[in-house]
1. Suppose the Debye formula is applied to equal point scatterers at every Cα of the chain; what is log10 I(q)/I(0) at q = 0.14 Å⁻¹?
2. In deg cm²/dmol, rounded to 500, what helix-only [θ] at 222 nm does the chain give when every DSSP H run of at least 4 residues adds -39500 (n - 2.57) and the total is split over its residues?
3. Computed FRET efficiency, Cβ-Cβ of Thr97 and Thr427, R0 51 Å: what is it to the nearest 0.05?
4. Anything over 30 Å Cα to Cα? Flag those among Lys155/Lys205; Lys2/Lys264; Lys205/Lys324; Lys2/Lys324; Lys35/Lys264; Lys155/Lys286, in the order listed.
5. I'm checking a number: the convex hull volume of the Cα atoms of segment 205-289, normalised per residue, in Å³. What is it?
6. Tell me, how many Å apart are the Cα centres for segment 1-52 and for segment 280-324?
7. So for segment 256-410, considering every pair of alpha-carbon atoms, how many percent are separated by more than 20 Å?
8. For segment 345-423, what D do you get in µm² per second when you plug the Kirkwood radius from alpha-carbon pairs into Stokes-Einstein at 25 °C and 0.890 mPa s?
Amino acid sequence: MKLSVIGCGYLGAVHAAAMASIGHEVIGIDVDAAKVESLSRGDAPFFEPGLGDLLRAGVDSGRLRFTTDMAGAAGSAVHFVAVGTPQRRDGAGADLTFVDAAVNALLPHLGPDDLVVGKSTVPVGTAQRLQPLVEERGASIAWNPEFLREGFAVKDTLEPDRLVYGVGGQTSDRDVATLDEVYAPAMATGTPRIVTDYATAELVKVSANAFLATKISFINAMAEIAEATGADVTMLADAIGHDARIGRRFLNAGVGFGGGCLPKDIRAFAARAEEIGRGESVQFLKQVDEINLRRRQRVVDLIVDSFDGSPNGRRVVVLGLAFKPDSDDTRDSPALDVAVRLHGLGADVVCTDPEAIGNAQRQHPQLSYVADVEESLQGAEAVVLVTEWSVYRHLDPARVGELVARRVMVDGRNCLDPVAWRDEGWTYFGLGRP
Ligand code: UGA
């Protein structure tokens, strides 16, 4: 099929490459000329395992092209809208400027019977609002949320654990058949597919992210209780996780969640709920947010306490800047936030990360960055691990002990073995661990 993908960020670039890899003819459209140029060469403009290979294969096959010109969408049967919906600058709600701009720019290029498919995460009610604009052109609109995780984006796009189609209007059956054809390989392997209305599809996405955020903040709340009682939250998570109704995944206590999705999605959800008069239904999301932000401060406090309250001029090495491993994304990253807070307290902060230094440097040029992990650790008076990259999880406490000036480790991801580190003379602090 001929497809267009409007917006070539994490979501759109991966979607475009994945769709080309299963045989569709795809044009990716983005307003950012530098990004389009990079993608056209088959170079991923951000770090995502497997994406570079998929892009190059697509571009070489001739089935994957990129342009800044919206006219390139003409002739495609399906148009995916995959632009960002960041948090508004002036509030907690989602900024829909890019969605509205993309759809309005697309309208003149729509043919009758075309299908516009929203993939962006939007407040409930967005598809219904856009429907008349699209239908005026003889086309139709569906909402098909995306559940990919950064770091696993290619796999999650090609092998989703479910497909959700929100449809409306007279052409619903035909639109469902069109989407089934787009996703034919996933359909052939029996991927569950839920066909529903617009509002449900939009809410599936935000409620999934709200649930995940709540699960993380729940275990981080238990970490706070564990800290007050001498209990061990990692053992608690293992024990409750054996109950299949609870499950062990997403129960890792630590410095909390960040990234371009969970934090802004729970805020946008709460803001939208207020708008529709149901603020109290998701009021708990404010606490989920607060618990999450408190954990960042807890990591900072552990470092400050290790210096008896005076971190001024003391060398602190921050291991990790990305919001999670296997990503170079520093949007709302707890790791970067911890580094900035420590710097603000006068500490001599040195940051390292395998992939995210470039992005962090653009956001916070005031921090010091060292790419090589061993070099960064030289002379450290405290080390704080805030992104659990494999290379940090496998650090040798004896070797690191030779590099640092003082053996203090704050494990903000509870990913190190406290016994192994203490045996090498380290003062080890986890979160919610004795
Ligand atoms: C999240 C969702 O997991 C995806 O399903 C969704 O499609 C995506 O947002 C989106 O809306 O686009 P992502 O932002 O890539 O994906 O990251 P996650 O893997 O969900 O991790 C989010 C944060 O939670 C990270 O900072 C991670 O370190 C933290 N986390 C995760 C914990 O602190 N504890 C855990 O147990 C798990």
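1. -1.26
2. -13000 deg cm²/dmol
3. With R0 = 51 Å, the Cβ-Cβ based efficiency is 0.55.
4. Violating the 30 Å Cα-Cα cut-off are Lys2/Lys264; Lys2/Lys324; Lys155/Lys286.
5. Considering the Cα atoms of segment 205-289, their hull volume per residue is 97 Å³.
6. That distance is 35 Å.
7. Cα-Cα pairs of segment 256-410 separated by over 20 Å account for 51 percent.
8. The Stokes-Einstein estimate is 185 µm²/s.
The values are calculated or read from the model by the stated rules, or taken from the named source; none is laboratory data. The shown structure was predicted, so the numbers you read here are calculated from the model rather than taken from an experiment. Backbone-built Cβ (ideal geometry, glycine too); neighbour counts: all protein chains shown. Surface accessibility is based on the protein's heavy atoms, side chains included, excluding ligands, DNA and RNA. Shrake-Rupley method; radii C 1.70, N 1.55, O 1.52, S 1.80 Å.
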